[in-house]
Amino acid sequence: MTATAELTLATSAVTELQRLRDRSPVGNRLLDLAEVGGLTLEHLRRLVGIELQCHVAELAAYGTVIARFPDSPVVGLYLDVARLVYDAHPKLLACVRPLGMDPDAVGRWPYGLDAQAFGGCVSWLALHGGQADNALALHTDMTVYFPGCQVLLDAVRAQGLEVPAEFVSYYEGGQSDELELRALEVVEYGLRHGEDRATAINRARRLEESIGSFWKAAARTGQAGEDPAWA
């Protein structure tokens, strides 16, 4: 299945998610800060630190999805998405020293429920979600996260915040129309094979909310009980 016209169930689910988004936006605390010129390098360090932790969770989650559903079109999609994350990880690690972060602290900071929300959500979905659940959540991730990164970069430039070239190179990567389409194909496949549409939509919405927590954790400063950035 490759023709977009055949993805009727999947596109209907995406439309419903957009209605939810319009009616009750999840929000992006980091972009809220950017709008008022409040971004600092500390926020960007937090962003990088959280994202490095997310990569580890994603790689484990996508491998689990492949193991649970070792057939086409699931395997092809998740092999390519896992490769995307795997290849992105060293590019993100390259931001650590230029941002003044301690490589020995990578993976240990920031911490807390908001910082762990996205990794927890993708991990739970990989263990308990169906094909449509996981693929619709993945599609939501790609269509929400990448545009947010572009807006963030625009705000960094507008604010005149000096950031390393490695940071810009990583976050200007952009989304993949091909992977988004292939994710929809898996959604369609799962729904046509009896998986529940309402459940897939609900779980994709939970994933979007976890992305909201991801941004919230990056935007936080001076969290009670949290060590200074690289203590």
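Restricted to the range 91-104, and to residues there that are outside any loop (DSSP other than H, G, I, E, B) and surrounded by fewer than 16 Cβ atoms within 10 Å (Cβ to Cβ), the residue that is modelled with the highest pLDDT is Lys91.
Residues in the range 165-173: is at least one at pLDDT below 95 and either among the polar types (S, T, N, Q) or open to solvent by 10 Å² or more (accessible area, probe 1.4 Å) (or both)? Full working, then the answer.
Filtering the range 165-173 for residues at pLDDT below 95 gives 172-173.
Then keep just the ones that are either among the polar types (S, T, N, Q) or open to solvent by 10 Å² or more (accessible area, probe 1.4 Å) (or both); that gives 172-173.
Yes, the range 165-173 has at least one match.
Only residues that are among the basic types (Lys, Arg) and under 15 Å from Arg220 (Cα atoms) were counted across the range 17-37, and they come to 1. Looking only at residues of the range 65-90 that are open to solvent by 40 Å² or more (accessible area, probe 1.4 Å) and among the hydroxyl-bearing types (Ser, Thr, Tyr), we find that the one that is nearest to Ala105 (Cα to Cα) is Tyr86. Filter the range 12-44 for residues that are of a type in the set (A, V, I, L, M, F, W, C), in contact with a Gly (Cβ under 9 Å, 6 or more places away or on another chain) and outside any helix (DSSP H, G or I) and give the result. Once the filter is applied, which keeps residues that are of a type in the set (A, V, I, L, M, F, W, C), in contact with a Gly (Cβ under 9 Å, 6 or more places away or on another chain) and outside any helix (DSSP H, G or I), the range 12-44 yields only Val26. Given (1) open to solvent by less than 40 Å² (accessible area, probe 1.4 Å); (2) of a type outside the set (D, E, K, R); (3) in a helix (DSSP H, G or I); (4) in contact with a helix residue (DSSP H, G or I) (Cβ under 6 Å, 6 or more places away or on another chain), where does Leu9 come up short, assuming only one miss? In the conditions (1) open to solvent by less than 40 Å² (accessible area, probe 1.4 Å); (2) of a type outside the set (D, E, K, R); (3) in a helix (DSSP H, G or I); (4) in contact with a helix residue (DSSP H, G or I) (Cβ under 6 Å, 6 or more places away or on another chain), Leu9 misses (1) alone. One residue stands out in the range 90-106 among those that are in contact with a helix residue (DSSP H, G or I) (Cβ under 6 Å, 6 or more places away or on another chain) and not hydrophobic (A, V, I, L, M, F, W, C): the one that is farthest from Gly173 (Cα to Cα), namely Pro98. Figure legend. Inter-residue proximity from the range 149-178: first residues over 20 Å from Leu93 (Cβ atoms), second residues exposed (fewer than 13 other Cβ atoms within 10 Å of the Cβ) and hydroxyl-bearing (Ser, Thr, Tyr), beta-carbon distance below 8 Å, spacing 6+ or different chains. Indicated pairs: Leu161/Thr40.
Annotation: Ile50 fulfils all but one of (1) closer than 30 Å to His128 by Cα; (2) at pLDDT 95 or above; (3) open to solvent by 40 Å² or more (accessible area, probe 1.4 Å); the unmet one is (3).
The residues in the range 122-161 that are assigned to a loop (DSSP other than H, G, I, E, B), in contact with a helix residue (DSSP H, G or I) (Cβ under 8 Å, 6 or more places away or on another chain) and surrounded by fewer than 24 Cβ atoms within 10 Å (Cβ to Cβ) can be counted, and the count is 2.
The residues in the range 61-76 that are in a helix (DSSP H, G or I) and more than 16 Å from the chain's Cα centre (by Cα) can be counted, and the count is 9. Given the structure, is Gly119 assigned to a helix (DSSP H, G or I), under 30 Å from Thr11 (Cβ atoms) and more than 17 Å from the chain's Cα centre (by Cα)? It is false that Gly119 is assigned to a helix (DSSP H, G or I), under 30 Å from Thr11 (Cβ atoms) and more than 17 Å from the chain's Cα centre (by Cα).
Taking residues in the range 36-54 that are under 18 Å from Val168 (Cβ atoms), and partners anywhere that are of a type in the set (Asp, Glu) and open to solvent by 10 Å² or more (accessible area, probe 1.4 Å), not one pair has Cβ atoms closer than 8 Å while being at least 6 places apart or on different chains.
The values are calculated or read from the model by the stated rules, or taken from the named source; none is laboratory data. None of the values given here were measured: they were computed from a predicted structure. With ideal geometry, Cβ positions are generated from the backbone for all residues, glycine too; neighbour counts draw on all protein chains shown. SASA here: full protein model, heavy atoms, side chains in, ligands and nucleic acids out. Shrake-Rupley method; radii C 1.70, N 1.55, O 1.52, S 1.80 Å.
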